[in-house]
Amino acid sequence: MRTVVLFLLLLLISIPPAGGAAAPGVTLEFWTIALQPFFTDYMTNLVHTYERQTPGVRVRWVDQPLGAIQQKLLGALASGTPPDVVNLNVPMVAEIAQQGGLTALDPLLRPEERARYFEGMFRSFRVGAQQYGLPWYVAPPVVAYNMEIWRRSGLDPDRPPQTVDELIAYAKRIKDRTGLYGFMPNVNGTNMLQRFLEAGLPILVAGKAVFNSDRHVRELEKWVTLYQQDYFPEDSLRRGYLGATELYTAGRLGMLITGPQFLLRVRHDNRMVYERTRVGPYPLDRGRVIHAPLMGLVIPRNVRDPQQAIRFALYVTNDQNQLAFSRIVTIFPSTKRAAQDPFFTRLPPNPTPEDQARVIDARQLPYARDLTVVVPNQSDLMKAFRDNVEAAFFGQKTPKQALDDAVRYWNARL
């Protein structure tokens, strides 16, 4: 799907790096995810400019498929020939760091370098007590809504939902008055863990799972009840945001909760729905945090020159390069100064839905964090959680039974 690919594609306009000249004869290998062929020229220009501005350094850029990069990196680590800088997401970073495959960055970073990033995004790449990645780019969710469906439901198009409870009330009203689903909430599988965190509910305390408290049970019960009363479709549990995007694009969903890059697909596939679309903020809950999947840069274990590697990673993620990236792809920077640029703070005349989303999401960046829960035996524990939550949605267990069973399983293995 071209829209999904576009979210992964990256262009960085070349900006001279800070710092002095490098030692002669340094070669850095830089791995990225799925940039070719769309941005080959731009990335080549980025590499060549960095080489010109840093005498003695050469950068070998290698683009990897999204589905293969993790295994390729593990293979390179095993053979003793790791790349120097690698683009990974938070789940990949957590898993490889737990296996001892990454370099801890704390000794390599100065306080002023850490301070350039939004704190929540920066801390998203901590595993245990160590920092293993620099945040690169992010796409926090927004609430896109179809004004025609809202009018048919008696809702005010000038007043998007401000709270989670209001979001639910709007969705129920749309379904009751039009027969169309109001939303497809992101509560499928392990996303319920992020929903707990957004609601201010902890997952782990002192190394033990605690997500079966009365408050956790009530939170899960709320969404299970909505599903069983047919206020959102089964596709929410099976296909997530892809199913939601398709249903919204077809004009059969009142609200689309998604990253703003998916508005491009709406524009491409159904111009009428796109022209009826307005955008509001993703409502903050009690946790005052928003789950926003992050991409970052890491330095594998045992690279030849960690200092040169971190210098290049800081260059790629500096304010100027992140701003240039955001002007070309519908994503957002992880640095504070880039997010203050007028590109993110001022609406143009006759703003499009993407323009609206850009300004709204930029205001939400201080709350954005990748809420991926990092635990030992990650795959096994996440499968147990997912299976139990699905059992609750499908009526095979009560919400309390599901969470009690998941917590029992987790704590036996943590």
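Odds and ends about this structure:
- Of all residues in the range 222-238, those satisfying the criterion of being farther than 21 Å from residue 262 by Cα and either touching a residue at least 60 places away in the same chain (Cβ under 8 Å) or in a helix (DSSP H, G or I) (or both) are 222, 223, 224, 225, 226, 227, 228, 231.
- Pairs with Cβ under 6 Å, 6+ apart, first in the range 313-326 and closer than 22 Å to residue 110 by Cβ, second among the small types (Gly, Ala, Ser): 319/338; 322/338; 323/338
- Residue check for residue 380: in a helix (DSSP H, G or I) and over 28 Å from residue 88 (Cα atoms): no
- Of all the numbered requirements in (1) more than 19 Å from residue 369 (Cβ to Cβ); (2) modelled with pLDDT under 95; (3) loosely packed, with under 13 Cβ neighbours inside 10 Å, residue 129 misses one, and that requirement is (1).
- The range 278-295, subset of a type in the set (Gly, Ala, Ser) and surrounded by fewer than 21 Cβ atoms within 10 Å (Cβ to Cβ), residue farthest from residue 168 (Cα to Cα): 287
- Number of the condition not met by residue 148 [criteria: (1) surrounded by fewer than 19 Cβ atoms within 10 Å (Cβ to Cβ); (2) touching a helix residue (DSSP H, G or I) at 6+ places or on another chain (Cβ under 7 Å)]: (2)
- Complete set of residues in the range 239-277 that are surrounded by fewer than 21 Cβ atoms within 10 Å (Cβ to Cβ), in a helix (DSSP H, G or I) and of a type in the set (Gly, Ala, Ser): 240, 243
- Elements of the type helices (runs of 4 or more DSSP H) sitting completely within the range 109-163 and holding at least 3 residues that are without any contact (Cβ under 8 Å) to a residue 24 or more places away in the chain and over 18 Å from the mean Cα position of the chain (by Cα): these cover 111-114.
- Here residue 171 fulfils each of the conditions (1) under 19 Å from residue 248 (Cβ atoms); (2) among the small types (Gly, Ala, Ser); (3) part of a loop (DSSP other than H, G, I, E, B) apart from (3).
The values are calculated or read from the model by the stated rules, or taken from the named source; none is laboratory data. All values derive from a computational prediction rather than experimental measurement. So basically every Cβ, Gly included, is an ideal-geometry build from the backbone, and we count neighbours across all protein chains shown.
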